[in-house]
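Participant: Just dropping this structure here.
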Amino acid sequence: MRARKIADGIHWVGVIDPDRRLFEEITPLPDGTSYNSYLVRGKDKTVLIDTVEPEFKSILFERIDDAGGKDIDYIVSNHAEQDHSGSLPAALERFPRAKVLCTPKGRNMLLDLLPLDPERIETVEDGQTLDLGGRTLEFIHAPWVHWPETMFTYLREEGILFSCDLFGSHLATNDLFVTDRCRLLESAKRYYAEVMMPFSGPVRRNMEKIQDRTINIIAPSHGPLHDDPGFILDTYRDWAGEEPKNLVVVPYVSMHGSTKSMVTRFIESLVCRGVRVEFFNLAETDTGRLSMALVDAATVAFGSPNILNGMHPKVVYAAYLVNALRPKARFVSMIGSYGWGAKMEDQLHGLLKGLNIEMLDTVLTRGAPSEQDFTSLDFLAQTIADRHAAVCADWKKS
Ligand code: FEO
C-alpha cells in the first residue's frame with residue numbers, strides 16, 4: 001500500500017472503504033467512505049494527523065512506511081471518534097516515542113474510549129503551535145463540529161487545513177483531490193445533513209474563526225481533499241446559513257390511499273403557487289435523501305395515517321429525525337387520514353419540541369378525503385406560499 005503525495009514531505013496515508021454501507025449503524029453510505037490520515041514531516045519532527053478504523057491499521061502502517069515515517073514524534077488527534085482515533089493504541093505501540101496531541105476535552109474522551117496510557121497524551125491550547133523544523137502546525141480548537149472536543153490542525157507554510165470531519169464526505173474514491181464536483185456535492189451534502197446540520201451554529205462560528213487564514217487545501221478526514229477550497233467553503237456557508245429556501249419537504253406514508261391522495265393534491269397545490277416540493281414515501285425511502293432535502297427546506301409537512309392510536313411508526317421516526325437534525329425550517333404541518341381517534345397532531349408537537357418552529361394548521365380527515373378536505377389543503381398550501389414569500393430569499397426565483 002503506497003502513500004499518496006500531497007506535497008514534499010506531506011502524504012495521505014489513509015484507507016478507502018468502499019464496502020461500508022452504514023455509519024454509526026444508522027447513516028446510509030451508498031458510496032462507501034474513507035478514513036483519511038496524514039503524515040507531515042519537518043526537518044526535525046514527524047507528525048501523524050489522525051488514524052483510521054482499527055480494522056484497517058495494517059494498511060495505515062504500510063502507507064506510513066511507504067512515506068518514510070519511521071519515527072513519529074506526535075500523533076495529532078483532531079477528533080476522538082473511533083473512526084479516527086481507533087488505531088491510536090496500535091500506533092502508540094508501533095511508534096514508542098510518539099505522544100498524542102489533542103484538546104483537553106479530547107484527552108478525557110480518548111481515555112474514556114480507548115486503552116491509552118495517560119502519560120502519552122498531551123493537550124494543546126487553542127492557537128498553540130508546534131515547530132516541526134521549517135514547518136509549523138497550529139492547533140485551532142473547533143468545538144462541536146461535531147463532538148465537543150474537535151479541533152482543526154493548520155499547516156501554516158503550505159496553507160493546509162486538516163479539518164477532520166468538517167467539509168468531509170462519505171465517498172470512497174481513489175482520487176486524492178475532488179475531480180467530480182457533482183458527485184462530491186451529493187456526498188458532501190448527505191454528510192453535512194447527517195453529521196453537521198444539528199451543529200450549524202458551531203459550523204458558522206468555526207468557519208468565521210478560520211476565515212482570515214490562507215487556505216490552499218482543505219484535507220478532511222473523509223472523502224477527497226479540496227484543492228479549490230472556496231467551492232466547499234461557499235457551499236457550507238449556504239448550507240449552514242440561517243435562511244431557508246422556497247422548498248417544502250413532505251415525508252409521508254399511506255396505508256390504503258387516503259393520505260396519498262391528500263399528499264398528491266397538496267403537492268399540486270403548492271407547485272401551482274410557485275413552491276418547490278420534495279416528497280419521500282417513507283415506506284421505501286433512503287433517510288439520507290430526506291436529510292439532504294431538510295438542509296434547504298423552509299417547511300416540513302408530514303403525511304400520516306392514524307395507526308395504533310397515533311402516527312404511523314415510520315412517520316414517527318421521520319419526525320424524531322427532523323427534531324434531532326435541527327434543520328433551518330421555519331414551519332411544520334401535518335396532513336393525513338384516520339379511521340377513529342386522531343391524536344397525531346399532539347404527538348407531532350411532542351416529537352418536535354426541540355425545534356423553534358411555527359406549527360401551521362393541520363389537515364386531518366376521517367376516512368377518504370372530501371372536496372372540503374381538498375379545499376383545506378389548498379388553503380394550507382396558500383398559507384405556506386405566503387410564509388415563504390416573507391422568509392425565503394429565493395422566493396419566485398426557483
Ligand atoms: Fe468521522 Fe465524527 O467521525
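The values are calculated or read from the model by the stated rules, or taken from the named source; none is laboratory data. Model, not experiment: these values are computed from the prediction. Methodologically, a virtual Cβ is constructed for each residue, glycine included, from the backbone with ideal geometry; neighbour enumeration extends over all protein chains shown. Side chains are part of the model used for accessible areas, which takes the heavy atoms of the whole protein and leaves out ligands, DNA and RNA. Shrake-Rupley method; radii C 1.70, N 1.55, O 1.52, S 1.80 Å.
Participant: What do you get for the angle between helix 181-191 and the principal long axis of the chain? Use alpha-carbon atoms, 0 to 90 degrees, nearest ten.
Facilitator: 80
Participant: So the label point goes 7 Å from the Cα of residue 129 along Cα→C-beta, right? Which residues of the range 152-173 then have their backbone N under 19 Å from it?
Facilitator: Of the residues in the range 152-173, 152-162 have backbone N under 19 Å from the label point off residue 129.
Participant: Another question, then. For residue 205 and residue 268, calculate 0.36 nm times their separation in residues minus their Cα-Cα distance, and state this gained length in nm to one decimal.
Facilitator: Details: separation 63, 0.36 × 63 = 22.68 nm, distance 3.91 nm.
Taking 0.36 nm per residue and subtracting the Cα distance, the gain is 18.8 nm.
Participant: Report the full-extension gain for the segment residue 238 to residue 283: residue separation times 0.36 nm, less the Cα-Cα distance, to one decimal in nm.
Facilitator: Working: separation 45, 0.36 × 45 = 16.20 nm, distance 3.05 nm.
That pair, residue 238 and residue 283, stretches by 13.2 nm at full extension.
Participant: Summarise the accessible area of the chain (1.4 Å probe, protein heavy atoms) by the percent that is carbon and sulfur. Each step should come with its number before you reach the end.
Facilitator: Values: 7920 of 16580 Å².
Here carbon and sulfur together make up 48 percent of the probe-accessible area.
Participant: So if I average 1/r over every pair of distinct C-alpha atoms in the range 1-95 and take the inverse, what Kirkwood radius in Å does that give?
Facilitator: Answer for the range 1-95: a Kirkwood hydrodynamic radius of 13.5 Å.
Participant: Follow-up question, since we're still on this one. Tell me, what ³J(HN,Hα) does each residue in the range 277-291 have, in order and in whole Hz, if you take phi through Karplus 6.51 cos²θ - 1.76 cosθ + 1.60 with θ = phi - 60° and put x for Gly and Pro?
Facilitator: Per residue, the Karplus-derived 3J(HN,Hα) values read 9, 10, 10, 9, 6, 5, 5, 9, 7, 7, 5, x, 5, 4, 4 Hz.
Participant: Something else: Are there chymotrypsin sites (Phe, Trp or Tyr not before Pro) in the range 232-327 that DSSP marks as loop and that have at most 11 other Cβ atoms within 10 Å, and which are they?
Facilitator: Of the chymotrypsin sites (Phe, Trp or Tyr not before Pro), not one in the loops of the range 232-327 has a Cβ with at most 11 other Cβ atoms within 10 Å.
Participant: Something else now. Compute the whole-percent fraction of alpha carbon pairs in the range 290-355 spaced more than 21 Å apart.
Facilitator: The proportion of pairs with Cα distances above 21 Å equals 19 percent.
Participant: Tell me, what is the per residue accessible area of the range 216-367 in Å², probe radius 1.4 Å?
Facilitator: Working: 6080 Å² over 152 residues.
It amounts to 40 Å² per residue over the range 216-367.
Participant: Let me ask something additional. At a Förster distance of 45 Å, what's the computed FRET efficiency of residue 156 paired with residue 394, Cβ-Cβ distance as r, to 0.05?
Facilitator: For R0 = 45 Å, the calculated efficiency reads 0.70.
Participant: Using only the alpha-carbon atoms, how far is helix 258-272 inclined from the longest principal axis of the chain? Give it as 0 to 90 degrees, nearest 10.
Facilitator: 80
Participant: What are the GluC sites (Glu not before Pro) within the range 276-368 that DSSP puts in a loop, where the Cβ has at most 13 other Cβ atoms within 10 Å?
Facilitator: Counting only loop positions with at most 13 other Cβ atoms within 10 Å, the GluC sites (Glu not before Pro) in the range 276-368 are 284.
Participant: Okay, moving on. Just the number, please: Stokes-Einstein D of the range 42-108 in µm²/s, Kirkwood Rh from C-alpha pairs, 10 °C, 1.306 mPa s.
Facilitator: On the way: Rh = 12.0 Å.
In µm²/s, the coefficient is 133.
Participant: Turning to a different aspect of this structure: Per residue and in cubic angstrom, what volume does the convex hull of the Cα atoms of the range 125-225 have? Mind dumping the intermediate values first?
Facilitator: Working: hull volume 10.5 nm³, N = 101.
In the range 125-225, the Cα convex hull volume per residue is 104 Å³.
Participant: Ok, one more. Could you tell me how many cubic angstrom of Cα convex hull volume the range 75-144 has per residue?
Facilitator: Looking at the range 75-144, the number lands at 94 Å³ per residue.
Participant: What share of all Cα pairs of the range 131-289, in percent, falls into each consecutive 5 Å distance bin?
Facilitator: Over the range 131-289, the share of Cα pairs per 5 Å bin runs 2, 8, 15, 17, 16, 13, 10, 8, 6, 4, 2, 1, 1, 0, 0 percent.
Participant: I'd like the trypsin sites (Lys or Arg not before Pro) in the range 45-83 restricted to DSSP loop residues with at most 10 other Cβ atoms within 10 Å, sorted by number. If you can, show how the numbers build up before the last one.
Facilitator: On the way: sites: 45, 57, 63, 70; in loops: 45, 70.
Passing both the DSSP loop test and the Cβ count: 70.
Participant: While we're here: Which shape class, rounded, prolate or oblate, goes with the range 331-388 when its Cα gyration tensor gives a ≥ b ≥ c as root eigenvalues, a/c under 1.5 marks rounded, and past that a/b bigger than b/c marks prolate?
Facilitator: On the way: a/c = 4.33, a/b = 1.15, b/c = 3.78.
Verdict is oblate for the range 331-388.
Participant: When the helices in the chain are scored as -39500 (n - 2.57) per DSSP H run of 4 or longer and the sum is shared across all residues, what 222 nm value do you end up with, to the nearest 500 deg cm²/dmol? All intermediate terms of the calculation are to be shown ahead of the outcome.
Facilitator: Numbers: 12 runs with 129 residues, N = 398.
For the chain, the value works out to -9500 deg cm²/dmol.
Participant: When the Kirkwood radius is taken over all Cα pairs of the chain, what Stokes-Einstein diffusion coefficient follows at 4 °C and 1.567 mPa s, in µm²/s?
Facilitator: Values: Rh = 22.7 Å.
After rounding, the answer is 57 µm²/s.
Participant: Please give the Cα centre distance for the range 360-396 versus the range 317-333, rounded to the nearest Å.
Facilitator: For the range 360-396 versus the range 317-333, the Cα centre distance is 18 Å.
Participant: Step through the residues of the range 59-64 one at a time and calculate ³J(HN,Hα) from phi using the Karplus curve (6.51 cos²θ - 1.76 cosθ + 1.60, θ = phi - 60°), rounding each to whole Hz and writing x for Gly and Pro.
Facilitator: 5, 4, 5, 4, 5, 4
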